[in-house]
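A.B. asks: Mind having a look at this structure? Questions to follow.
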Amino acid sequence: MAEEKKKVRIDVGDGAAIPSKSDKGLFSAWLLSFFLAVGALLLLLFYPDPEVSDKYQEILVFLADGIVITFQVTLSSIAIAIVIGFFTGLGRLSKIWIINLIASTYVEVVRGIPLLVQLFYLYYAIGEFIKMPDMVAAIMAMSICYGAYMGEVFRAGIDSIDQGQTEAARSLGFNGAQTMMYVILPQAWRTILPPVGNEFIALLKDTSLVSILGVADLLRRGREYASTSFDYFQTYTLVAIIYLIITLILSKLVSKMEERLGQHDQR
Amino acid sequence: MINDNPIIKITNASKSFGELKALDNVSLEIAQGEKVVIIGPSGSGKSTLLRAINQLETIDSGQLIVDGHNVCDLDEDINAIRMELGMVFQSFNLFPHKSVLDNLTLAPRKLRKIPREEAESYAMELLAKVDIQEKAHQYPAQLSGGQKQRVAIARALAMNPKIMLFDEPTSALDPEMIGEVLDVMVKLAKEGMTMVVVTHEMGFAKEVADRVVFMDHGQILEVGTPIHFFENPEHPRLQKFMDQIL
(Lines give C-alpha, C1' and ligand atoms only; values in the text may rest on other atoms or scores of the structure.)
Protein backbone atom coordinates (compact mmCIF):
# COMPACT_ATOMS: atom_id res chain seq x y z
CA MET A 1 0.00 0.00 0.00
CA ALA A 2 0.95 3.64 0.36
CA GLU A 3 3.25 3.06 3.31
CA GLU A 4 6.28 2.15 1.25
CA LYS A 5 5.78 4.79 -1.36
CA LYS A 6 5.64 7.55 1.20
CA LYS A 7 9.34 7.39 1.90
CA VAL A 8 10.12 8.63 -1.60
CA ARG A 9 12.44 11.56 -1.41
CA ILE A 10 12.84 13.54 -4.55
CA ASP A 11 16.24 15.10 -4.87
CA VAL A 12 16.32 17.42 -7.80
CA GLY A 13 19.26 18.78 -5.94
CA ASP A 14 21.16 21.77 -7.18
CA GLY A 15 20.16 23.69 -4.07
CA ALA A 16 22.24 23.59 -0.94
CA ALA A 17 22.10 20.23 0.76
CA ILE A 18 19.33 20.22 3.34
CA PRO A 19 20.61 19.05 6.69
CA SER A 20 18.66 16.47 8.64
CA LYS A 21 19.24 15.11 12.10
CA SER A 22 19.75 11.58 10.83
CA ASP A 23 22.70 12.71 8.73
CA LYS A 24 25.36 13.56 11.27
CA GLY A 25 28.10 14.38 8.75
CA LEU A 26 26.02 16.91 6.91
CA PHE A 27 24.65 18.30 10.14
CA SER A 28 28.08 19.19 11.46
CA ALA A 29 29.15 20.45 8.04
CA TRP A 30 26.22 22.82 8.23
CA LEU A 31 27.20 24.00 11.71
CA LEU A 32 30.81 24.46 10.69
CA SER A 33 29.95 26.42 7.54
CA PHE A 34 27.49 28.55 9.40
CA PHE A 35 29.85 29.50 12.19
CA LEU A 36 32.69 30.10 9.76
CA ALA A 37 30.50 32.36 7.63
CA VAL A 38 29.03 34.30 10.53
CA GLY A 39 32.43 34.45 12.23
CA ALA A 40 34.07 35.78 9.09
CA LEU A 41 31.32 38.36 8.65
CA LEU A 42 31.61 39.59 12.25
CA LEU A 43 35.38 39.61 12.06
CA LEU A 44 35.37 41.77 8.93
CA LEU A 45 32.72 44.16 10.21
CA PHE A 46 34.35 44.62 13.60
CA TYR A 47 37.97 44.23 12.64
CA PRO A 48 40.27 45.88 15.23
CA ASP A 49 41.72 48.13 12.55
CA PRO A 50 38.99 50.73 11.94
CA GLU A 51 40.22 51.33 8.40
CA VAL A 52 39.33 47.74 7.51
CA SER A 53 36.08 47.50 9.48
CA ASP A 54 34.82 50.86 8.21
CA LYS A 55 35.38 49.73 4.65
CA TYR A 56 33.38 46.53 5.14
CA GLN A 57 30.63 48.34 6.97
CA GLU A 58 30.40 50.80 4.11
CA ILE A 59 30.16 47.96 1.59
CA LEU A 60 27.50 46.21 3.63
CA VAL A 61 25.37 49.34 3.78
CA PHE A 62 25.72 49.70 0.01
CA LEU A 63 24.75 46.04 -0.54
CA ALA A 64 21.68 46.18 1.73
CA ASP A 65 19.32 47.36 -1.05
CA GLY A 66 20.57 44.50 -3.20
CA ILE A 67 19.72 41.93 -0.55
CA VAL A 68 16.16 43.25 -0.49
CA ILE A 69 15.92 43.04 -4.29
CA THR A 70 17.36 39.52 -4.30
CA PHE A 71 14.65 38.44 -1.85
CA GLN A 72 11.96 40.20 -3.84
CA VAL A 73 12.96 38.42 -7.03
CA THR A 74 13.29 35.09 -5.23
CA LEU A 75 9.98 35.25 -3.37
CA SER A 76 7.97 36.51 -6.36
CA SER A 77 9.52 33.93 -8.65
CA ILE A 78 9.06 31.01 -6.29
CA ALA A 79 5.43 31.96 -5.63
CA ILE A 80 4.64 32.06 -9.34
CA ALA A 81 6.78 28.98 -10.01
CA ILE A 82 4.84 26.97 -7.41
CA VAL A 83 1.54 27.87 -9.08
CA ILE A 84 2.93 27.05 -12.54
CA GLY A 85 4.50 23.89 -11.14
CA PHE A 86 1.26 22.72 -9.55
CA PHE A 87 -0.68 23.04 -12.79
CA THR A 88 2.19 21.61 -14.82
CA GLY A 89 2.34 18.64 -12.47
CA LEU A 90 -1.42 18.09 -12.81
CA GLY A 91 -1.07 18.47 -16.57
CA ARG A 92 1.68 15.86 -16.67
CA LEU A 93 -0.64 13.47 -14.80
CA SER A 94 -3.67 14.31 -16.91
CA LYS A 95 -5.30 11.57 -18.92
CA ILE A 96 -6.44 14.15 -21.46
CA TRP A 97 -3.70 13.79 -24.05
CA ILE A 98 -3.61 17.37 -25.28
CA ILE A 99 -3.17 18.79 -21.77
CA ASN A 100 -0.56 16.18 -21.01
CA LEU A 101 1.28 17.01 -24.23
CA ILE A 102 1.28 20.76 -23.57
CA ALA A 103 2.58 20.29 -20.02
CA SER A 104 5.24 17.79 -21.07
CA THR A 105 6.41 19.94 -23.97
CA TYR A 106 6.70 22.96 -21.72
CA VAL A 107 8.87 21.01 -19.31
CA GLU A 108 11.06 19.62 -22.09
CA VAL A 109 11.58 22.97 -23.79
CA VAL A 110 12.31 24.93 -20.65
CA ARG A 111 14.64 22.32 -19.22
CA GLY A 112 16.60 22.27 -22.46
CA ILE A 113 17.46 25.96 -22.48
CA PRO A 114 19.97 27.49 -20.05
CA LEU A 115 18.40 29.93 -17.62
CA LEU A 116 20.77 32.68 -18.70
CA VAL A 117 19.66 32.26 -22.31
CA GLN A 118 16.01 32.35 -21.18
CA LEU A 119 16.68 35.60 -19.33
CA PHE A 120 18.31 37.14 -22.39
CA TYR A 121 15.55 35.84 -24.62
CA LEU A 122 12.74 37.29 -22.56
CA TYR A 123 14.38 40.64 -21.91
CA TYR A 124 16.17 41.33 -25.19
CA ALA A 125 14.51 39.13 -27.84
CA ILE A 126 10.90 39.34 -26.71
CA GLY A 127 11.74 42.83 -25.52
CA GLU A 128 11.96 43.90 -29.17
CA PHE A 129 8.20 43.46 -29.38
CA ILE A 130 7.00 43.90 -25.82
CA LYS A 131 9.15 46.16 -23.73
CA MET A 132 9.04 45.25 -20.07
CA PRO A 133 10.89 46.48 -17.01
CA ASP A 134 14.02 44.45 -16.20
CA MET A 135 12.54 43.37 -12.88
CA VAL A 136 9.40 41.99 -14.56
CA ALA A 137 11.41 40.16 -17.22
CA ALA A 138 13.67 38.72 -14.54
CA ILE A 139 10.80 37.42 -12.41
CA MET A 140 8.98 36.04 -15.45
CA ALA A 141 12.01 34.18 -16.74
CA MET A 142 12.85 32.75 -13.33
CA SER A 143 9.23 31.65 -12.73
CA ILE A 144 8.86 30.02 -16.13
CA CYS A 145 12.15 28.19 -15.73
CA TYR A 146 11.59 27.02 -12.16
CA GLY A 147 7.92 26.29 -12.87
CA ALA A 148 9.05 23.49 -15.15
CA TYR A 149 11.32 21.97 -12.52
CA MET A 150 8.61 22.45 -9.92
CA GLY A 151 6.17 20.69 -12.24
CA GLU A 152 8.24 17.53 -11.98
CA VAL A 153 8.31 17.84 -8.20
CA PHE A 154 4.52 18.20 -8.01
CA ARG A 155 4.00 15.39 -10.51
CA ALA A 156 6.12 12.98 -8.49
CA GLY A 157 4.61 14.12 -5.19
CA ILE A 158 1.01 13.78 -6.30
CA ASP A 159 1.76 10.52 -8.09
CA SER A 160 3.24 9.04 -4.92
CA ILE A 161 -0.17 9.11 -3.21
CA ASP A 162 -2.05 5.82 -3.44
CA GLN A 163 -4.93 5.76 -5.92
CA GLY A 164 -7.13 4.40 -3.11
CA GLN A 165 -6.98 7.81 -1.42
CA THR A 166 -8.60 9.44 -4.43
CA GLU A 167 -11.19 6.68 -4.65
CA ALA A 168 -12.04 6.99 -0.96
CA ALA A 169 -12.46 10.76 -1.21
CA ARG A 170 -14.45 10.63 -4.42
CA SER A 171 -16.77 7.95 -3.07
CA LEU A 172 -17.52 10.16 -0.06
CA GLY A 173 -18.73 12.77 -2.53
CA PHE A 174 -15.72 15.09 -2.84
CA ASN A 175 -15.19 16.48 -6.31
CA GLY A 176 -11.80 16.43 -8.00
CA ALA A 177 -10.64 19.80 -6.68
CA GLN A 178 -11.78 19.07 -3.11
CA THR A 179 -10.06 15.69 -3.23
CA MET A 180 -6.86 17.42 -4.28
CA MET A 181 -7.17 20.09 -1.58
CA TYR A 182 -8.26 18.02 1.43
CA VAL A 183 -6.76 14.61 0.74
CA ILE A 184 -4.01 14.50 -1.88
CA LEU A 185 -2.05 17.73 -1.39
CA PRO A 186 -1.85 17.54 2.43
CA GLN A 187 -0.19 14.14 1.99
CA ALA A 188 1.82 14.94 -1.13
CA TRP A 189 3.14 18.07 0.53
CA ARG A 190 5.54 16.08 2.68
CA THR A 191 7.12 14.58 -0.42
CA ILE A 192 6.97 17.86 -2.26
CA LEU A 193 8.32 20.20 0.40
CA PRO A 194 11.97 19.12 0.59
CA PRO A 195 12.59 19.43 -3.16
CA VAL A 196 10.59 22.68 -3.25
CA GLY A 197 12.84 23.98 -0.49
CA ASN A 198 15.83 22.88 -2.51
CA GLU A 199 14.49 24.66 -5.57
CA PHE A 200 13.88 27.76 -3.49
CA ILE A 201 17.50 27.84 -2.41
CA ALA A 202 18.74 27.08 -5.93
CA LEU A 203 16.51 29.86 -7.25
CA LEU A 204 17.86 32.33 -4.73
CA LYS A 205 21.37 31.62 -5.94
CA ASP A 206 20.29 31.76 -9.57
CA THR A 207 18.83 35.23 -9.05
CA SER A 208 22.42 36.43 -9.23
CA LEU A 209 22.04 35.92 -13.00
CA VAL A 210 19.44 38.69 -13.20
CA SER A 211 22.14 41.19 -12.36
CA ILE A 212 23.11 40.94 -16.03
CA LEU A 213 19.78 42.48 -17.03
CA GLY A 214 20.53 45.43 -14.78
CA VAL A 215 18.33 44.39 -11.88
CA ALA A 216 19.99 45.88 -8.80
CA ASP A 217 20.23 42.64 -6.83
CA LEU A 218 22.94 41.70 -4.36
CA LEU A 219 25.53 40.80 -7.00
CA ARG A 220 24.71 43.84 -9.15
CA ARG A 221 25.14 46.16 -6.17
CA GLY A 222 28.47 44.48 -5.50
CA ARG A 223 29.59 45.07 -9.06
CA GLU A 224 28.52 48.69 -8.88
CA TYR A 225 30.48 49.24 -5.70
CA ALA A 226 33.56 47.38 -6.89
CA SER A 227 33.72 49.07 -10.27
CA THR A 228 33.86 52.52 -8.69
CA SER A 229 36.00 51.75 -5.64
CA PHE A 230 38.16 48.99 -7.17
CA ASP A 231 37.80 47.07 -3.88
CA TYR A 232 37.09 43.82 -5.71
CA PHE A 233 38.39 41.51 -3.01
CA GLN A 234 36.50 43.09 -0.13
CA THR A 235 33.28 43.50 -2.08
CA TYR A 236 33.01 40.01 -3.53
CA THR A 237 34.14 38.41 -0.27
CA LEU A 238 31.23 40.10 1.44
CA VAL A 239 28.83 39.21 -1.38
CA ALA A 240 29.83 35.54 -1.17
CA ILE A 241 29.52 35.45 2.62
CA ILE A 242 26.06 37.02 2.48
CA TYR A 243 24.81 34.51 -0.11
CA LEU A 244 26.25 31.69 1.98
CA ILE A 245 24.64 32.82 5.23
CA ILE A 246 21.25 33.26 3.54
CA THR A 247 21.29 29.84 1.88
CA LEU A 248 22.51 28.14 5.07
CA ILE A 249 19.69 29.67 7.09
CA LEU A 250 17.15 28.72 4.45
CA SER A 251 18.33 25.14 4.23
CA LYS A 252 18.05 24.89 8.00
CA LEU A 253 14.50 26.23 7.90
CA VAL A 254 13.54 23.73 5.22
CA SER A 255 14.93 20.85 7.24
CA LYS A 256 13.04 22.02 10.33
CA MET A 257 9.83 22.17 8.35
CA GLU A 258 10.52 18.73 6.91
CA GLU A 259 10.96 17.33 10.41
CA ARG A 260 7.65 18.76 11.56
CA LEU A 261 5.80 17.50 8.52
CA GLY A 262 7.27 14.04 8.95
CA GLN A 263 6.11 13.77 12.54
CA HIS A 264 2.82 11.95 12.21
CA ASP A 265 4.52 9.12 10.30
CA GLN A 266 6.47 8.06 13.32
CA ARG A 267 3.67 8.23 15.82
CA MET B 1 -38.13 -9.39 -2.07
CA ILE B 2 -38.09 -7.39 -5.30
CA ASN B 3 -40.55 -4.56 -5.08
CA ASP B 4 -41.79 -2.13 -7.69
CA ASN B 5 -39.42 0.61 -6.73
CA PRO B 6 -35.86 -0.69 -6.46
CA ILE B 7 -33.27 1.69 -4.97
CA ILE B 8 -30.66 0.29 -7.35
CA LYS B 9 -31.64 -0.77 -10.85
CA ILE B 10 -28.98 -2.08 -13.20
CA THR B 11 -30.15 -2.84 -16.71
CA ASN B 12 -28.00 -4.55 -19.35
CA ALA B 13 -24.75 -3.09 -18.04
CA SER B 14 -21.62 -3.95 -20.04
CA LYS B 15 -18.02 -2.94 -19.62
CA SER B 16 -14.81 -4.09 -21.26
CA PHE B 17 -11.19 -3.59 -20.32
CA GLY B 18 -9.65 -4.11 -23.75
CA GLU B 19 -10.47 -7.69 -24.70
CA LEU B 20 -11.73 -8.62 -21.26
CA LYS B 21 -15.46 -8.36 -20.69
CA ALA B 22 -15.67 -7.28 -17.06
CA LEU B 23 -19.43 -6.87 -17.24
CA ASP B 24 -21.46 -8.67 -19.86
CA ASN B 25 -25.05 -7.54 -20.08
CA VAL B 26 -25.69 -7.54 -16.34
CA SER B 27 -29.12 -6.71 -14.91
CA LEU B 28 -29.93 -6.57 -11.22
CA GLU B 29 -32.46 -4.83 -9.04
CA ILE B 30 -31.97 -4.18 -5.37
CA ALA B 31 -34.77 -3.08 -3.08
CA GLN B 32 -34.60 -0.57 -0.27
CA GLY B 33 -33.32 -2.32 2.85
CA GLU B 34 -32.22 -5.39 0.98
CA LYS B 35 -28.88 -7.07 1.65
CA VAL B 36 -27.28 -8.53 -1.43
CA VAL B 37 -24.05 -10.50 -1.34
CA ILE B 38 -22.13 -10.87 -4.58
CA ILE B 39 -19.77 -13.81 -4.87
CA GLY B 40 -17.63 -15.18 -7.66
CA PRO B 41 -14.08 -16.06 -8.57
CA SER B 42 -11.55 -13.26 -8.97
CA GLY B 43 -11.89 -11.50 -12.29
CA SER B 44 -15.57 -12.38 -12.43
CA GLY B 45 -16.62 -8.73 -12.57
CA LYS B 46 -18.13 -8.54 -9.09
CA SER B 47 -15.96 -5.63 -7.94
CA THR B 48 -16.48 -3.85 -11.24
CA LEU B 49 -20.24 -4.16 -10.78
CA LEU B 50 -20.03 -2.76 -7.26
CA ARG B 51 -17.74 0.08 -8.32
CA ALA B 52 -20.04 0.90 -11.22
CA ILE B 53 -22.84 1.62 -8.76
CA ASN B 54 -20.99 4.70 -7.46
CA GLN B 55 -19.27 5.34 -10.76
CA LEU B 56 -15.73 4.58 -9.67
CA GLU B 57 -15.98 2.56 -12.88
CA THR B 58 -18.05 3.82 -15.79
CA ILE B 59 -20.02 1.36 -17.86
CA ASP B 60 -19.78 1.21 -21.65
CA SER B 61 -23.45 0.50 -22.22
CA GLY B 62 -26.62 -0.17 -20.30
CA GLN B 63 -28.41 1.78 -17.62
CA LEU B 64 -27.80 2.32 -13.94
CA ILE B 65 -30.38 3.98 -11.72
CA VAL B 66 -29.48 4.68 -8.10
CA ASP B 67 -32.04 6.23 -5.78
CA GLY B 68 -33.94 7.62 -8.74
CA HIS B 69 -30.88 9.12 -10.42
CA ASN B 70 -29.41 7.92 -13.66
CA VAL B 71 -25.77 7.81 -12.56
CA CYS B 72 -24.50 7.47 -16.13
CA ASP B 73 -26.15 10.74 -17.13
CA LEU B 74 -23.45 13.40 -17.20
CA ASP B 75 -26.01 16.05 -16.26
CA GLU B 76 -26.57 14.34 -12.92
CA ASP B 77 -24.40 15.55 -10.06
CA ILE B 78 -22.43 12.40 -9.38
CA ASN B 79 -20.92 13.88 -6.22
CA ALA B 80 -24.36 14.40 -4.72
CA ILE B 81 -25.30 10.82 -5.60
CA ARG B 82 -22.07 9.50 -4.06
CA MET B 83 -22.89 11.22 -0.76
CA GLU B 84 -25.79 8.77 -0.45
CA LEU B 85 -23.56 5.79 -1.23
CA GLY B 86 -21.14 4.69 1.46
CA MET B 87 -18.20 2.69 0.16
CA VAL B 88 -15.86 0.40 2.08
CA PHE B 89 -12.70 -0.81 0.38
CA GLN B 90 -10.58 -3.90 0.71
CA SER B 91 -7.54 -1.76 1.52
CA PHE B 92 -9.41 0.57 3.96
CA ASN B 93 -8.08 3.76 2.35
CA LEU B 94 -8.28 5.80 5.54
CA PHE B 95 -6.71 9.24 5.26
CA PRO B 96 -3.34 8.75 6.97
CA HIS B 97 -2.79 12.47 7.60
CA LYS B 98 -5.98 12.78 9.64
CA SER B 99 -6.86 11.42 13.06
CA VAL B 100 -9.58 8.79 13.29
CA LEU B 101 -12.06 11.46 14.35
CA ASP B 102 -11.07 13.77 11.50
CA ASN B 103 -11.39 10.89 9.05
CA LEU B 104 -15.02 10.69 10.08
CA THR B 105 -15.80 14.39 10.19
CA LEU B 106 -14.00 15.61 7.05
CA ALA B 107 -16.74 14.81 4.55
CA PRO B 108 -19.73 15.80 6.73
CA ARG B 109 -18.09 19.13 7.58
CA LYS B 110 -16.93 20.04 4.09
CA LEU B 111 -19.76 18.55 2.05
CA ARG B 112 -22.78 18.67 4.31
CA LYS B 113 -21.57 21.84 6.05
CA ILE B 114 -22.21 20.36 9.48
CA PRO B 115 -20.57 22.39 12.29
CA ARG B 116 -17.51 20.77 13.82
CA GLU B 117 -19.02 20.05 17.24
CA GLU B 118 -22.08 18.41 15.81
CA ALA B 119 -20.02 16.38 13.33
CA GLU B 120 -17.68 15.27 16.09
CA SER B 121 -20.39 14.20 18.48
CA TYR B 122 -22.04 12.16 15.73
CA ALA B 123 -18.64 10.73 14.80
CA MET B 124 -18.12 9.64 18.42
CA GLU B 125 -21.50 7.90 18.35
CA LEU B 126 -20.47 6.01 15.22
CA LEU B 127 -17.10 5.11 16.70
CA ALA B 128 -18.92 3.73 19.73
CA LYS B 129 -21.11 1.75 17.40
CA VAL B 130 -18.08 0.13 15.75
CA ASP B 131 -16.58 -0.19 19.23
CA ILE B 132 -13.45 1.85 18.71
CA GLN B 133 -14.21 5.18 20.40
CA GLU B 134 -11.04 5.01 22.48
CA LYS B 135 -8.98 5.40 19.28
CA ALA B 136 -10.69 8.62 18.19
CA HIS B 137 -7.61 10.78 18.55
CA GLN B 138 -5.09 8.34 17.14
CA TYR B 139 -3.90 8.11 13.55
CA PRO B 140 -4.67 5.29 11.13
CA ALA B 141 -1.06 4.08 11.19
CA GLN B 142 -1.54 3.16 14.87
CA LEU B 143 -4.50 0.86 14.23
CA SER B 144 -4.69 -2.82 13.38
CA GLY B 145 -6.28 -3.89 10.11
CA GLY B 146 -9.56 -4.80 11.75
CA GLN B 147 -9.66 -1.48 13.58
CA LYS B 148 -8.89 0.40 10.36
CA GLN B 149 -11.74 -1.31 8.57
CA ARG B 150 -14.17 -0.57 11.37
CA VAL B 151 -13.13 3.08 11.22
CA ALA B 152 -13.58 3.00 7.43
CA ILE B 153 -17.13 1.71 7.91
CA ALA B 154 -17.82 4.46 10.45
CA ARG B 155 -16.38 7.03 8.05
CA ALA B 156 -18.78 5.94 5.32
CA LEU B 157 -21.68 5.98 7.80
CA ALA B 158 -20.82 9.52 8.89
CA MET B 159 -22.38 10.81 5.67
CA ASN B 160 -25.66 9.04 6.55
CA PRO B 161 -25.76 7.16 3.26
CA LYS B 162 -28.85 5.35 2.05
CA ILE B 163 -26.84 2.45 0.67
CA MET B 164 -23.58 0.86 1.79
CA LEU B 165 -21.26 -0.81 -0.70
CA PHE B 166 -18.59 -3.21 0.56
CA ASP B 167 -15.78 -4.29 -1.75
CA GLU B 168 -14.21 -7.40 -0.21
CA PRO B 169 -14.03 -5.70 3.22
CA THR B 170 -12.32 -8.61 4.98
CA SER B 171 -10.00 -9.89 2.25
CA ALA B 172 -6.99 -7.88 3.40
CA LEU B 173 -7.41 -8.82 7.07
CA ASP B 174 -5.65 -11.35 9.22
CA PRO B 175 -8.06 -14.19 10.00
CA GLU B 176 -8.43 -13.24 13.67
CA MET B 177 -9.66 -9.77 12.72
CA ILE B 178 -12.32 -10.80 10.23
CA GLY B 179 -14.88 -11.49 12.94
CA GLU B 180 -14.82 -8.01 14.45
CA VAL B 181 -15.50 -6.42 11.05
CA LEU B 182 -18.25 -8.88 10.15
CA ASP B 183 -19.89 -8.25 13.53
CA VAL B 184 -20.15 -4.57 12.70
CA MET B 185 -21.59 -5.38 9.29
CA VAL B 186 -24.15 -7.74 10.78
CA LYS B 187 -25.19 -5.07 13.25
CA LEU B 188 -25.59 -2.62 10.40
CA ALA B 189 -27.65 -5.11 8.40
CA LYS B 190 -29.98 -5.66 11.33
CA GLU B 191 -30.62 -1.92 11.51
CA GLY B 192 -32.11 -2.09 8.05
CA MET B 193 -29.32 -0.58 5.94
CA THR B 194 -29.40 -1.40 2.25
CA MET B 195 -26.16 -3.28 1.65
CA VAL B 196 -24.37 -4.62 -1.39
CA VAL B 197 -21.41 -6.75 -0.32
CA VAL B 198 -18.75 -8.38 -2.43
CA THR B 199 -17.25 -11.07 -0.21
CA HIS B 200 -16.26 -14.68 0.13
CA GLU B 201 -17.57 -14.90 3.68
CA MET B 202 -20.42 -17.36 3.22
CA GLY B 203 -21.11 -17.39 6.94
CA PHE B 204 -21.92 -13.70 6.70
CA ALA B 205 -24.03 -14.29 3.60
CA LYS B 206 -25.99 -16.99 5.38
CA GLU B 207 -26.64 -14.78 8.37
CA VAL B 208 -27.73 -11.56 6.70
CA ALA B 209 -28.14 -11.86 2.93
CA ASP B 210 -31.60 -11.69 1.43
CA ARG B 211 -30.15 -12.77 -1.87
CA VAL B 212 -26.80 -14.03 -3.08
CA VAL B 213 -25.62 -13.24 -6.59
CA PHE B 214 -23.06 -15.47 -8.30
CA MET B 215 -20.98 -13.90 -11.05
CA ASP B 216 -18.46 -15.37 -13.44
CA HIS B 217 -16.90 -13.98 -16.63
CA GLY B 218 -18.81 -10.74 -16.24
CA GLN B 219 -22.21 -12.40 -16.09
CA ILE B 220 -24.70 -13.10 -13.34
CA LEU B 221 -25.12 -16.86 -13.47
CA GLU B 222 -27.35 -17.44 -10.49
CA VAL B 223 -29.36 -15.47 -7.96
CA GLY B 224 -30.95 -16.99 -4.90
CA THR B 225 -31.28 -17.15 -1.15
CA PRO B 226 -28.23 -18.25 0.86
CA ILE B 227 -30.06 -21.50 1.68
CA HIS B 228 -30.51 -22.15 -2.03
CA PHE B 229 -26.79 -21.53 -2.60
CA PHE B 230 -25.80 -23.96 0.13
CA GLU B 231 -28.34 -26.67 -0.52
CA ASN B 232 -28.96 -26.84 -4.23
CA PRO B 233 -26.75 -24.61 -6.38
CA GLU B 234 -27.82 -25.21 -9.95
CA HIS B 235 -25.15 -23.86 -12.27
CA PRO B 236 -22.17 -26.23 -12.54
CA ARG B 237 -19.69 -23.36 -12.16
CA LEU B 238 -21.44 -22.25 -8.98
CA GLN B 239 -21.33 -25.80 -7.64
CA LYS B 240 -17.60 -25.88 -8.32
CA PHE B 241 -17.09 -22.45 -6.75
CA MET B 242 -19.05 -23.37 -3.62
CA ASP B 243 -16.96 -26.51 -3.26
CA GLN B 244 -13.80 -24.44 -3.43
CA ILE B 245 -14.69 -21.80 -0.87
CA LEU B 246 -16.47 -23.94 1.73
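The values are calculated or read from the model by the stated rules, or taken from the named source; none is laboratory data. As the structure is a prediction and not an experimental result, all values here were calculated from the model. Cβ atoms come from the backbone with ideal geometry, glycine included; neighbour counts cover every protein chain shown. Heads up: the accessible areas ignore ligands, DNA and RNA and are worked out on the full protein's heavy atoms, side chains in. Shrake-Rupley method; radii C 1.70, N 1.55, O 1.52, S 1.80 Å.
A.B. asks: Report, to the nearest 10°, how far helix B:175-190 tilts away from the longest principal axis of the Cα atoms in chain B, using its own Cα long axis and a range of 0 to 90°.
C.D. replies: Helix B:175-190 sits at roughly 90 degrees to that axis.
A.B. asks: Measuring from label point to label point, each 7 Å out along Cα→Cβ, what is the A:Val68 to B:Asp131 span in nm?
C.D. replies: A separation of 6.8 nm, rounded to one decimal place.
A.B. asks: Through the Karplus equation 6.51 cos²θ - 1.76 cosθ + 1.60, θ set to phi - 60°, convert the phi angles of region A:42-54 into ³J(HN,Hα) values in whole Hz; use x for Gly and Pro.
C.D. replies: Using θ = phi - 60°, the values come out as 5, 4, 5, 6, 10, 4, x, 7, x, 4, 6, 5, 4 Hz.
A.B. asks: Another question, then. Starting from the 7 Å offset along Cα-to-Cβ, what nm value, one decimal, do you get for the label separation of B:Arg116 and B:Glu231?
C.D. replies: Roughly 5.7 nm, to one decimal.
A.B. asks: Over region A:24-266, what relative contact order in percent results from Cα pairs under 8 Å that are six or more residues apart?
C.D. replies: 28 percent.
A.B. asks: I've got another one for you. Pick out which of A:Leu32, A:Leu60, A:Leu44 has the largest mean-square fluctuation in a Gaussian network model of chain A, springs linking Cα atoms closer than 10 Å.
C.D. replies: A:Leu32
A.B. asks: If you build a Gaussian network model of chain B, linking Cα atoms that sit under 10 Å apart, which residue out of B:Phe89, B:Phe214, B:Phe230 swings the most?
C.D. replies: B:Phe230
A.B. asks: Would you mind telling me which residue in B:Pro175, B:Pro161, B:Pro41 has the biggest mean-square fluctuation in a Gaussian network model of chain B, where springs connect alpha carbons within a distance under 10 angstrom?
C.D. replies: The residue with the greatest mean-square fluctuation here is B:Pro175.
A.B. asks: Describe numerically, in nm with one decimal, the distance between label points set 7 Å from Cα along Cα→Cβ at A:Val52 and at B:Glu57.
C.D. replies: For A:Val52 paired with B:Glu57, the spin-label model returns 7.8 nm.
A.B. asks: Amide H to amide H, which residues 5 or more places from B:Gln90 or on other chains are under 5 Å from it, using H placed in the peptide plane?
C.D. replies: Here the answer is B:Asp167, since their amide H atoms fall under 5 Å of that of B:Gln90.
A.B. asks: Amide H to amide H, which residues 5 or more places from B:Lys35 or on other chains are under 5 Å from it, using H placed in the peptide plane?
C.D. replies: Hits under the 5 Å cutoff: B:Met195, B:Asp210, B:Arg211.
A.B. asks: Go through region A:145-150 residue by residue and turn each phi into a ³J(HN,Hα) via Karplus (6.51, -1.76, 1.60, θ = phi - 60°); whole Hz please, and just put x for glycine and proline.
C.D. replies: Listing the rounded values in order: 5, 6, x, 5, 5, 5 Hz.
A.B. asks: So if R0 is 51 Å, what FRET efficiency would A:Asn100 and B:Gln244 give, r being the distance between their Cβ atoms, rounded to the nearest 0.05?
C.D. replies: 0.70
A.B. asks: Using only Cα atoms, find the angle between the long axis of helix B:116-129 and the longest principal axis of chain B, and express it within 0 to 90 degrees, rounded to the nearest 10.
C.D. replies: 60
A.B. asks: Another question, then. First measure r as the distance between the Cβ atoms of A:Asp159 and A:Tyr232, then evaluate 1/(1 + (r/R0)^6) with R0 = 35 Å and state the FRET efficiency to the nearest 0.05.
C.D. replies: Plugging the Cβ-Cβ distance into 1/(1 + (r/R0)^6) gives 0.15.
A.B. asks: Follow-up. Enter the angle in degrees (range 0 to 90, nearest 10) between the Cα long axis of helix B:236-245 and the first principal axis of the Cα atoms of chain B, meaning the one along which they spread out most.
C.D. replies: 40
A.B. asks: If you roll a 1.4 angstrom probe over the protein chains with everything in place, what fraction of the accessible area of chain B belongs to carbon and sulfur, to the nearest %?
C.D. replies: 46
A.B. asks: What's the total accessible area buried between chains A and B, using a 1.4 Å probe, rounded to the nearest 100 Å²?
C.D. replies: 2100
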